[in-house]
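Throughout, read-outs are computed from the coordinates displayed, never taken from laboratory work. Since this is a predicted model, take the numbers as computed values, not measurements. Note that we place each Cβ from the backbone using ideal geometry, even for glycine, and neighbour counts take in every protein chain shown.
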There are 2 protein chains.
Amino acid sequence: MQTRPKNRKQQILDLALELLQTHGFESFSYQDLSSKLGITKASIHHHFPKKADLGVALCEVIQDWHEREFTRARNLSGSAMDKLDAYVKGTLRYACGDKKICPLSSLQADIASLPEAMRPALKRMDDHELNFIAELLEQGRDNGELQFVGAARSQAILFVLTCKGALQYSRVHGSEVFDAAITQMKTVLLGESA
Amino acid sequence: MQTRPKNRKQQILDLALELLQTHGFESFSYQDLSSKLGITKASIHHHFPKKADLGVALCEVIQDWHEREFTRARNLSGSAMDKLDAYVKGTLRYACGDKKICPLSSLQADIASLPEAMRPALKRMDDHELNFIAELLEQGRDNGELQFVGAARSQAILFVLTCKGALQYSRVHGSEVFDAAITQMKTVLLGESA
DNA sequence: GTCTATAAATGGATAGAC
DNA sequence: GTCTATCCATTTATAGAC
């Protein structure tokens, strides 16, 4: 309802994140941002002088979001599967929607053209996420709730790749692919009894 | 050794495919092609007037490659797992290498900015590939070699997403991720006895 | 913080000579 | 089939007024 938004910088970041997830970092321009926000390109440059600056700021946004979401999922009172579900449905699916993919997947796809400054941040976030999922899986196996062989980290890789790949496929083929992938994944983890 | 290559058109397509896998369709230019091939942009336009034409031709190249590879894998005398392995190591891994991802993954990532004419081709190829893997999985389950629950198509989704996601991750994090993902995947399919 | 104006580079594309 | 030359639009980025 406010004509003058309290924080223009945040507004730019919000839109940039959306465009990152729908089009990719190299495929949206300051033009896109300025026209959709109703301000000029020069104004965007005032907040983020170079596109690499915007990219680094975007990485911080994603990192903060991950930390909040991981803490939220960890603190749930339910089972390990409930927490994994909170990650998949709450974090990934909610933040992505039908036309968006995971921001980290988007950055990975553009890796060859990405500003140098963004790469360490990307690696760090990927690792952070993988560790979080591995922790939940380990927990679930320890209390007899989940079943899988080998290192929790290996199973975490399988889990994360499936979720993110499912989002990418769904954007092209519809959400049934996402549902099929997640259901199959859960069935396997719960011991193949279904 | 020939100074005048027999088929310039094919040479352009070969390079374009590589750039598609390393940088993405929107991230390589006629400039890139021309400088690396030692001819001018105008010459590339002679063979492919618009970039969408090049894109459609690229889809045909990928489709042909899939058909050859799928036939090759089907005709192997080994087990279902051997055929899946031929797909993973022979088709995907060989064609992608350390710095390349699956061309279909690359196109999926760029879907929002892709020329209209390429989209139906992408959907068709994704389906074709999924059907092929589902067929191998079904075969393996029927002869008692592989174990999984539910529809073969659902398990095929899991399988394909894992392989392609692993390639994408490996480009950023190194090939250990690829190996870990594939090993874990196979262990699950072989009945979790390892 | 936002604007106008503009620079400098790049990308896709075409015309016409050889 | 390849070249030179050129066009037009877009993109990143900067200078300076308000």
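Provide an ascending nm list, one decimal, of label-point separations from residue A:78 to the equivalent residue in each further copy; define each label point as 7 Å from Cα along Cα→Cβ.
Output for residue A:78: 4.2 nm, nearest copy listed first.
Counting pairs of alpha carbon atoms under 8 Å apart in space and at least six apart in sequence, what relative contact order in percent does the stretch A:30-109 give?
15
Counting pairs of alpha carbon atoms under 8 Å apart in space and at least six apart in sequence, what relative contact order in percent does chain A give?
21
In degrees from 0 to 90, rounded to the nearest 10, what is the angle of the helix A:8-22 Cα long axis to the longest principal axis of chain A?
50
For the stretch B:58-189, count all C-alpha to C-alpha pairs, find those more than 23 Å apart, and express that count as a whole percent of the total. Each step should come with its number before you reach the end.
Working: 2799 of 8646 pairs.
Cα-Cα pairs in the stretch B:58-189 separated by more than 23 Å: 32 percent.
Provide the net charge surrounding residue A:78, with neighbours chosen by a C-beta distance below 15 Å and charges set as Lys +1, Arg +1, Asp -1, Glu -1.
+2
Quick one: label points 7 angstrom along Cα→Cβ at residue A:172, distances to the other copies in nm, smallest first?
Spacings between copies for this position, smallest first, are 1.9 nm.
Rg(Cα) of the stretch B:10-135 divided by 2.2 N^0.38 Å?
On the way: Rg = 15.6 Å, N = 126, 2.2 N^0.38 = 13.8 Å.
Rounded to two decimals, the normalised Rg is 1.13.
Charges on Cβ only, +1 for Lys and Arg, -1 for Asp and Glu, centred on the Cα centroid of chain B; of B:94, B:150, B:46, which one is farthest towards the dipole's positive end?
Projecting each Cα onto the dipole axis, the largest value belongs to B:46.
Could you work out the Kirkwood radius for the protein assembly as shown, taking every pair of different alpha carbons, averaging 1/r and inverting it, reported in Å?
22.2
On a 28 Å Cα-Cα criterion, which of the cross-link pairs A:100/B:41; A:41/B:164; A:51/A:100 come out too long?
Check vs 28 Å cut-off fails for A:100/B:41; A:41/B:164.
Mind listing the label-point distances from residue B:40 to the same position on all other copies, shortest first, one decimal in nm, points 7 Å along Cα→Cβ?
Taking the point 7 Å beyond Cα along Cα→Cβ, the inter-copy spacings are 3.8 nm.
Which angle from 0 to 90°, rounded to the nearest 10, does the C-alpha axis of helix A:176-189 make with the longest principal axis of chain A?
Taking Cα atoms only, the helix is inclined about 40 degrees.
Note the angle between two axes, namely the Cα long axis of helix B:152-173 and the longest principal axis of the Cα atoms of chain B, as a number of degrees from 0 to 90, rounded to the nearest 10.
The angle comes out near 60 degrees.
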